[in-house]
Amino acid sequence: MATTYVTIPAGGSSTIVNGDTNVYGLGNATLKAGNGNDSVNILGNGSVSVGTGTDTIRVAGNGTVAASTASTAPDQVTVAGIGKVTLGGGANQVQLGSGSVQVGNGANNVSVTGAASVALGSGANTVVIGSGTVGGASSGSSSESSGGSSSGASSGSTTGASGNNHVTVLGAGNVSLGNGNNTVLAGSGTVSVGNGNDAITVTGAGSVRAGTGNDSISIGSGTVSVGTGADRVTMSGSGSIQAGSGADSVSLGTGNNTVAATGTTSVSAAAGTNATISNGSIQITNGPSLQTDKVASGAVTILGGSGAVRFVGGTSNSTASLKGGTGNDTFVGGAGKDTMQAGSGSNLFEFFKSTQTSALGGGAGGTHVIQGFNTAAGGSLYVEGYTLAQLQSLNAIKVVGGNTVITLADKTSITLVGVTSLSANNITTTAI
């Protein structure tokens with residue numbers, strides 16, 4: 001098929017029937033072409049509508065480009081300025097200065113230097129934008145089947161966007177994808193993915209929500225929520241993590257963190273980390289520096305690791321099982337029910353009169369059971385405001401069924417399992 005050559009004067013327009021066409025727009029121009037393989041070069045601003053052919057379109061200024069959404073041909077579109085692009089289901093290549101892009105179900109490559117809104121189909125797409133939104137096409141969006149105006153892109157929906165997508169947002173972004181195995185890198189912002197095995201990195205502050213796949217998530221600070229898969233979550237700053245029912249692995253930095261789990265979660269943390277934990281089972285695998293893990297609420301199990309852990313009991317609506325590891329652990333009683341099991345290191349058990357007394361939390365009035373209390377190790381029990389002699393003078397210590405029970409005026413109850421006598425060396429007046 002012979003190629004037709006068309007020149008559009010500045011400010012002019014042209015309509016071309018089906019056929020291969022080579023079009024030059026000398027300035028701002030408007031073009032409507034048919035289903036041939038078209039090559040379009042507009043030197044100014046432009047509005048271009050093409051059909052189902054394999055088209056190459058370049059707009060030097062701002063532009064609107066719409067191809068037939070029924071097309072499966074691979075189109076190449078470049079808009080140097082602000083662009084609005086709607087293409088079909090081919091393996092399209094799109095470059096914009098800024099603007100919006102909507103593509104079909106092919107394997108698309110989209111690059112936008114500045115702010116953008118990108119709507120994807122079900123193909124395996126590669127997207128790089130400066131900032132903005134990346135998501136599935138809105139179920140209500142459409143464009144003319146033979147070219148014409150674009151309906152624009154929408155974000156926040158996973159309609160489409162179900163392929164294995166690679167998305168990079170250099171700045172702040174809002175990314176919403178489907179059930180493919182997605183790779184997402186964002187400077188900051190929100191990321192929501194489906195049930196695939198996703199790899200997500202947010203270098204700054206962000207919010208990540210993932211489905212039931214085995215996901216790998218790294219975030220600077222913010223919130224993370226994962227599903228039932230075996231997920232790996234790394235948070236370098238402060239934030240909250242909602243772990244699912246899978247065997248999750250959580251690595252914390254030096255911030256103040258909240259971890260909630262419905263399954264068994266392994267937690268490793270840097271020195272100086274404070275973690276608040278609600279529900280589920282947490283395994284601490286921290287290094288040699290002290291880490292603080294505080295119970296928030298619900299039924300919680302915290303298992304110590306090789307490093308020093310300060311376990312802090314929760315509020316009156318919590319039931320905690322606190323099990324020391326091989327490090328030198330400290331157990332701080334809360335206002336709820338605590339079972340404290342000494343590990344193989346040097347252990348200290350602390351009980352404060354009120355939540356205001358301990359800077360770490362804890363509280364009075366709780367019911368505490370201590371297992372593995374070593375009476376041969378001096379100074380392992382701290383009861384705020386009391387020496388052994390004072391407790392004895394108040395008749396606060398009794399031996400019941402082979403266990404020592406200490407009952408305080410504020411209703412705090414401490415049971416030392418298997419202990420029938422205490423010496424003055426077992427009670428310290430110095431808290432840590």
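Read-outs throughout are calculated quantities, based only on the coordinates presented, and are distinct from any laboratory measurement. These figures come from a predicted structure and were not determined experimentally. Glycine also receives a Cβ, built like all others from the backbone with ideal geometry; neighbour counts cover every protein chain displayed.
A few points about this structure:
- Length-normalised contact order for the stretch 1-128 - Cα pairs under 8 Å, 6+ apart - percent: 13
- Table column - 3J(HN,Hα) (Hz), the stretch 253-259, Karplus curve with 6.51, -1.76, 1.60, x for Gly and Pro: x, 9, x, 9, 10, 10, 10
- Listed residue (S249, N328, L43) projecting farthest to the positive dipole end of the chain, Cβ model: N328
- Matching the structure-derived log10 I(q)/I(0) by the Debye sum over Cα atoms at q = 0.06, 0.14 Å⁻¹ against the labelled list [x] -0.41, -1.06; [y] -0.82, -1.24; [z] -0.25, -1.47 gives the label [x].
- Note on the stretch 206-277: Cα-Cα pairs beyond 21 Å make up 12% of the total pair count.
- Under the criterion of Cα pairs below 8 Å and six or more residues apart, the relative contact order for the chain equals 5 percent.
- Backbone phi angles across the stretch 111-116, fed through the Karplus curve with coefficients 6.51, -1.76 and 1.60 (θ = phi - 60°), yield HN-Hα couplings of 10, 10, 5, x, 6, 8 Hz in residue order; Gly and Pro are listed as x.
- Computed Rg/Rh of the stretch 3-125, alpha carbon atoms with Kirkwood Rh: 0.95
- A Förster radius of 22 Å, combined with the Cβ-Cβ distance separating V405 from T429, puts the computed FRET efficiency at roughly 0.55.
- Once the chain from S14 to T326 is taken as fully extended at 0.36 nm per residue, the excess over their C-alpha distance is 104.4 nm.
- By DSSP, the beta bridges lying fully in the chain are antiparallel in about 5 percent of cases.
- Annotation: amide H of V85 within the under-5 Å range of V65, S100, V101, Q102, sequence separation 5 or more or interchain, hydrogens built in the peptide plane.
- Backbone N within the stretch 22-59 under 11 Å of label point (7 Å from Y5 Cα along the Cβ vector): 22-24
- Label zone at T387 (point 7 Å along Cα-to-Cβ), backbone N below 18 Å, the stretch 394-432: 394-397, 422-431
- Charge sum, other residues only, whose C-beta stays under 15 Å from N197's C-beta, Lys/Arg counted +1 and Asp/Glu -1: -3
- 3J(HN,Hα) couplings calculated from phi for the stretch 87-96 with the Karplus curve 6.51 cos²θ - 1.76 cosθ + 1.60 (θ = phi - 60°) are, in sequence order, 10, x, x, x, 7, 8, 10, 10, 10, 9 Hz; Gly and Pro show x.
- Scattering from the stretch 322-432 was approximated by placing one identical point on each alpha carbon and applying the Debye formula without solvent; log10 I(q)/I(0) at 0.20, 0.21 1/Å stands at -1.08, -1.21.
- Relative contact order, percent, the stretch 15-90 [alpha-carbon distance under 8 Å, six or more residues apart]: 23
- Projecting the Cα positions of N182, G211, A60 onto the charge dipole of the chain (unit charges on Cβ atoms of Lys, Arg, Asp and Glu, taken about the Cα centre) puts G211 furthest along the positive direction.
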